[in-house]
Amino acid sequence: QVQLMESGGGLVQAGGSLRLSCAASGSIFSIRVMGWYRQAPGKQRELVATIPSGGSANYADSVKGRFTISRDNAKNTVYLQMNSLKPEDTAVYYCHIVGRPTAWATPNDYWGQGTQVTVSS
(Lines give C-alpha, C1' and ligand atoms only; values in the text may rest on other atoms or scores of the structure.)
Protein backbone atom coordinates (compact mmCIF):
# COMPACT_ATOMS: atom_id res chain seq x y z
CA GLN A 1 0.00 0.00 0.00
CA VAL A 2 1.40 3.37 -1.08
CA GLN A 3 0.13 6.62 0.41
CA LEU A 4 0.74 10.13 -0.86
CA MET A 5 0.42 12.92 1.68
CA GLU A 6 0.10 16.42 0.23
CA SER A 7 0.46 19.70 2.07
CA GLY A 8 0.95 23.39 1.41
CA GLY A 9 -2.23 24.46 -0.33
CA GLY A 10 -4.22 27.49 0.71
CA LEU A 11 -5.46 30.95 -0.17
CA VAL A 12 -3.06 33.55 -1.57
CA GLN A 13 -3.35 36.85 -3.37
CA ALA A 14 -2.35 37.21 -7.00
CA GLY A 15 1.39 37.63 -7.29
CA GLY A 16 2.02 35.60 -4.16
CA SER A 17 3.73 32.27 -3.64
CA LEU A 18 2.95 28.85 -2.26
CA ARG A 19 4.97 25.68 -1.88
CA LEU A 20 3.32 22.29 -2.18
CA SER A 21 4.84 19.11 -0.78
CA CYS A 22 3.96 15.49 -1.34
CA ALA A 23 5.53 12.63 0.58
CA ALA A 24 5.16 9.02 -0.51
CA SER A 25 5.08 6.39 2.18
CA GLY A 26 4.26 2.75 2.62
CA SER A 27 5.41 -0.12 0.47
CA ILE A 28 7.40 1.66 -2.19
CA PHE A 29 10.54 0.21 -3.74
CA SER A 30 11.35 2.85 -6.32
CA ILE A 31 9.78 5.92 -7.87
CA ARG A 32 10.28 6.57 -11.56
CA VAL A 33 8.37 9.81 -12.04
CA MET A 34 6.94 12.34 -9.60
CA GLY A 35 4.66 15.15 -10.59
CA TRP A 36 1.78 17.49 -10.04
CA TYR A 37 -1.52 17.82 -11.87
CA ARG A 38 -4.38 20.21 -11.26
CA GLN A 39 -8.09 20.37 -11.89
CA ALA A 40 -10.10 23.56 -11.92
CA PRO A 41 -13.90 23.54 -11.55
CA GLY A 42 -15.56 22.39 -14.76
CA LYS A 43 -12.27 21.51 -16.40
CA GLN A 44 -10.29 18.35 -17.00
CA ARG A 45 -7.30 17.43 -14.91
CA GLU A 46 -4.14 18.76 -16.52
CA LEU A 47 -0.43 18.26 -16.09
CA VAL A 48 1.42 20.98 -14.23
CA ALA A 49 4.94 19.57 -13.93
CA THR A 50 6.75 16.25 -13.75
CA ILE A 51 10.25 15.25 -12.81
CA PRO A 52 11.68 11.82 -13.64
CA SER A 53 14.33 10.07 -11.61
CA GLY A 54 17.63 11.44 -12.86
CA GLY A 55 16.03 13.46 -15.64
CA SER A 56 14.91 16.96 -16.50
CA ALA A 57 11.69 18.51 -15.34
CA ASN A 58 8.78 19.06 -17.69
CA TYR A 59 6.32 21.95 -17.30
CA ALA A 60 3.02 23.02 -18.76
CA ASP A 61 3.46 26.14 -20.87
CA SER A 62 1.12 28.04 -18.57
CA VAL A 63 3.45 27.67 -15.57
CA LYS A 64 6.89 27.84 -17.17
CA GLY A 65 9.06 30.45 -15.51
CA ARG A 66 6.77 30.67 -12.49
CA PHE A 67 6.66 27.16 -11.02
CA THR A 68 9.59 24.93 -10.07
CA ILE A 69 9.32 21.22 -9.35
CA SER A 70 11.95 19.38 -7.34
CA ARG A 71 12.29 16.06 -5.57
CA ASP A 72 14.15 14.61 -2.60
CA ASN A 73 14.71 10.95 -3.39
CA ALA A 74 15.92 10.16 0.12
CA LYS A 75 12.58 11.33 1.48
CA ASN A 76 10.40 10.16 -1.44
CA THR A 77 9.08 13.69 -1.56
CA VAL A 78 8.24 16.02 -4.42
CA TYR A 79 7.82 19.78 -4.13
CA LEU A 80 6.18 22.43 -6.25
CA GLN A 81 7.29 26.01 -5.68
CA MET A 82 4.68 28.31 -7.17
CA ASN A 83 5.57 31.97 -7.65
CA SER A 84 3.76 34.86 -9.32
CA LEU A 85 0.47 33.07 -8.83
CA LYS A 86 -2.50 34.08 -10.95
CA PRO A 87 -6.24 33.63 -10.36
CA GLU A 88 -6.25 31.10 -13.22
CA ASP A 89 -3.94 28.90 -11.15
CA THR A 90 -6.85 28.25 -8.79
CA ALA A 91 -7.49 24.52 -8.74
CA VAL A 92 -7.15 21.34 -6.74
CA TYR A 93 -3.57 20.17 -7.10
CA TYR A 94 -2.88 16.45 -7.15
CA CYS A 95 0.38 14.70 -6.50
CA HIS A 96 1.16 11.80 -8.84
CA ILE A 97 3.92 9.21 -8.88
CA VAL A 98 4.82 6.28 -11.06
CA GLY A 99 6.52 3.72 -8.89
CA ARG A 100 7.05 0.11 -8.04
CA PRO A 101 5.94 -1.31 -4.69
CA THR A 102 8.49 -4.13 -4.94
CA ALA A 103 11.56 -4.85 -7.05
CA TRP A 104 9.66 -7.35 -9.22
CA ALA A 105 6.41 -5.41 -9.65
CA THR A 106 5.45 -3.46 -12.72
CA PRO A 107 5.23 0.31 -12.30
CA ASN A 108 1.92 1.63 -10.99
CA ASP A 109 0.26 5.03 -10.90
CA TYR A 110 -0.50 6.53 -7.51
CA TRP A 111 -2.47 9.70 -6.77
CA GLY A 112 -2.80 11.94 -3.76
CA GLN A 113 -6.15 13.18 -2.52
CA GLY A 114 -5.52 16.72 -3.68
CA THR A 115 -4.92 20.06 -2.04
CA GLN A 116 -6.84 23.24 -2.82
CA VAL A 117 -4.98 26.27 -4.12
CA THR A 118 -7.02 29.46 -4.39
CA VAL A 119 -5.57 32.66 -5.85
CA SER A 120 -7.58 35.81 -5.30
CA SER A 121 -7.41 38.79 -7.64
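Ranked by solvent-accessible area (1.4 Å probe, protein heavy atoms only, all chains present), the residues ARG100, ARG32, ARG66 order from largest to smallest as ARG32, ARG100, ARG66.
Give the accessible surface of segment 4-71 per residue, rounded to a whole number of Å², with probe radius 1.4 Å and ligands, DNA and RNA excluded. Each residue of segment 4-71 exposes 54 Å² on average to a 1.4 Å probe.
Computed over protein heavy atoms with a 1.4 angstrom probe, the accessible surface ordering of THR118, THR68, largest first, is THR68, THR118. Among the lysines, which have Cα under 24 Å from the Cα of LYS43 when same-chain residues fewer than 8 positions away are ignored? Cα-Cα hits under 24 Å: LYS64, LYS86.
Other residues lying with their Cβ under 14 Å from the Cβ of ASN76 contribute a combined charge of +2, Lys and Arg counting +1, Asp and Glu -1.
What is the Cα centroid distance between segment 11-27 and segment 71-116, reported in whole angstrom? Value for the Cα centre distance between the two parts: 10 Å.
Ordered by 1.4 Å accessible area with all protein chains kept, MET5, MET34 run largest first as MET5, MET34.
Remark: the chain is approximated by an ellipsoid whose semi-axes, taken from the C-alpha gyration tensor as √(5λ), come to 26, 14, 12 Å, largest first. When +1 charges are put on Lys and Arg Cβ atoms and -1 charges on Asp and Glu Cβ atoms, the dipole computed for the chain relative to its Cα centre reaches about 120 debye.
The values are calculated or read from the model by the stated rules, or taken from the named source; none is laboratory data. What you see is a predicted model; the values in this text were computed from it and never measured. Note: ideal-geometry Cβ built from the backbone for every residue, glycine included; neighbour counts use all protein chains shown. Protein only, heavy atoms only, side chains kept; ligands, DNA and RNA dropped before computing areas. Shrake-Rupley method; radii C 1.70, N 1.55, O 1.52, S 1.80 Å.
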